[in-house]
Every structure is written in C-alpha cells, then in structure tokens.
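The values are calculated or read from the model by the stated rules, or taken from the named source; none is laboratory data. As the structure is a prediction and not an experimental result, all values here were calculated from the model. Backbone-built Cβ (ideal geometry, glycine too); neighbour counts: all protein chains shown. Just so you know, the surface numbers come from the protein's heavy atoms only, side chains and all, with ligands and any DNA or RNA stripped out. Shrake-Rupley method; radii C 1.70, N 1.55, O 1.52, S 1.80 Å.
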Amino acid sequence: IAQRPAKHPFCYWFGTQDPHRPYVEGSGLASGMDLSQIDVPAWLPDTPEVRGDIADYRYEVERFDREIGELLAELDRIGELENTLIVVTSDNGMPFPRAKATLYDAGTNMPLIVYWKGHLRPRKSLAFVSFIDFAPTFLEVAQLKKPVTMEGKSLVPLLMGQNDDHRAHVFLERERHAHVREGNLSYPARA
C-alpha cells in the first residue's frame, strides 16, 4: 500500500491464512475462551473435543478481525479511509463436516461486510448475493460502465438501502476442493 501511486485509485488484496487449518490445538482455550460458552452447531456432536476445535477456529477468526482493524487504522493514518471501499468476506464456510466444501448452508453462507466511511450507513441484510456481484459493484463505485457480458449485479442499491430484493436465488456448485479422488476426479454437486 506504501507503493500506491499518489492520488490514484488503488486495489489492495489482503489474503490471509486465518482462519485456516491446521490450528494450534488448545489455542482457543489458552486465549481464555470458556469452552462451556462455545456454540456448537446442531449438526456436530457436542463433545469437549469439538468444543476445543471450535474454540481454536474462533481464536483464528478473532486474530483475523484484529488484522482487519490494523488495516483500517493504516488506511486512516495515510488519509485513505474515507476514500476506500472495504469488502471483507470468506471463500468458504468453517472447516468442519457439513460446512466447508459442501453445499449445505454452513458451507455456502459466507460472511460479507462492506464498509465505505461516509457513504454507507450500518445495516444488515439477508439478501442473496454472489461473488460475481463484486466486479459490477466495484465498477459502479468507480463510475465505470459494466460490460454487457458481465453476469454479476452491482450491490450498490442494496448497500445504500434502496433495495433488499437483490436476487430471488443464487446458483451454487462444487466440483472439487482438493485432490481427494483417484485421477483427481471431481464430486460434482449443484444447488
């Protein structure tokens, strides 16, 4: 970010491993988390091992949150916070059975936080959105025309609170997550 051209638009991608396996076993408990307060999803067994694993995952999520806070502080320090659209999301669900690399809700319902100081009011929406909507959103914010071949739909009206009917549905697919089948064959699934 220090090498961005002065007074020119920039794009900064913060790619982190947090939260990502392998975790340091016991890191959640060591950080002071009370395992009895861990919310165990209904599809997982409620055992001390699962609670500990979720706490370790949560510890890494909290570390990611702190890193985002550091990035926001840096943008503020260099005078770019009010002129920057910030998008925070994940590429998949939590790395547990029936979540990551599945088409169940816990594998497809990603966190999405969009922050643009002075432009967006805090709000919550349960509207269906898709990652294909990011590019048209960025183009609209940059006041550039969306190519007709681009299938995504700008999130700006949704973000501005003008419309919660962004989409009636989204289509999901899974081919493979890793080389887990002989011959690197996929496990195609659609939702």
**Asked** Applying the Karplus parametrisation 6.51 cos²θ - 1.76 cosθ + 1.60 with θ = phi - 60° to the phi angles of the stretch 58-64, what ³J(HN,Hα) value in whole Hz is obtained for each residue in order, glycine and proline being reported as x?
**Response** 4, 4, 5, 4, 5, 5, 4
**Complete:** Taking a probe of 1.4 Å and leaving out DNA, RNA and ligands, the stretch 32-191 shows per residue an accessible area in Å² of 68 Å²
**Message:** If I compute solvent accessible area with a 1.4 Å probe over the protein chains, what percent of it on the chain is carbon and sulfur?
**Reply:** 55 percent
**Request:** Kindly state, to the nearest 0.05, the FRET efficiency for Glu175 paired with Thr47, given R0 = 30 Å and r defined as their beta-carbon distance.
**Result:** 0.40
**Complete:** Convex hull around the C-alpha positions of the stretch 99-191: the volume in Å³ per residue is 136 Å³
**Complete:** Note on the stretch 146-191: C-alpha Rg/Rh, Kirkwood Rh, two decimals, gives 1.21
**Fill in**
Charge dipole of the chain built from unit charges on the beta carbon (Lys, Arg +1; Asp, Glu -1), centred at mean Cα; most positive-end Cα among Ile86, Leu112, Phe138 is Phe138
**FRET efficiency, Ile68 to Arg190 (Cβ-Cβ, R0 41 Å, nearest 0.05)** = 0.80
**Prompt:** Quick one: net charge of Ile38's neighbours, Cβ under 10 Å, K/R +1, D/E -1?
**Reply:** -2
**Item:** the stretch 1-79: trypsin sites (Lys or Arg not before Pro) in DSSP coil with no more than 16 other Cβ atoms inside 10 Å
**Value:** Lys7
**Request:** Evaluate the relative contact order of the chain (contact order divided by residue number), counting alpha-carbon pairs under 8 angstrom at least 6 apart; express in whole percent.
**Result:** 13 percent
**Prompt:** Put a dot 7 Å past each Cα toward the Cβ at Phe131 and Asp76; how far apart are the dots in nm?
**Reply:** 3.0 nm
**Complete:** One finds the C-alpha centres of the stretch 68-112 and the stretch 27-52 to be spaced, in Å, by 22 Å
**Complete:** Options [x] 1, 7, 14, 18, 19, 16, 12, 7, 4, 1, 0; [y] 1, 6, 12, 15, 16, 16, 14, 11, 6, 2, 0; [z] 1, 9, 14, 16, 16, 13, 11, 8, 6, 3, 2, 1, 0 are given for P(r) over Cα pairs in 5 Å bins from 0, in percent, and the computed one is [y]
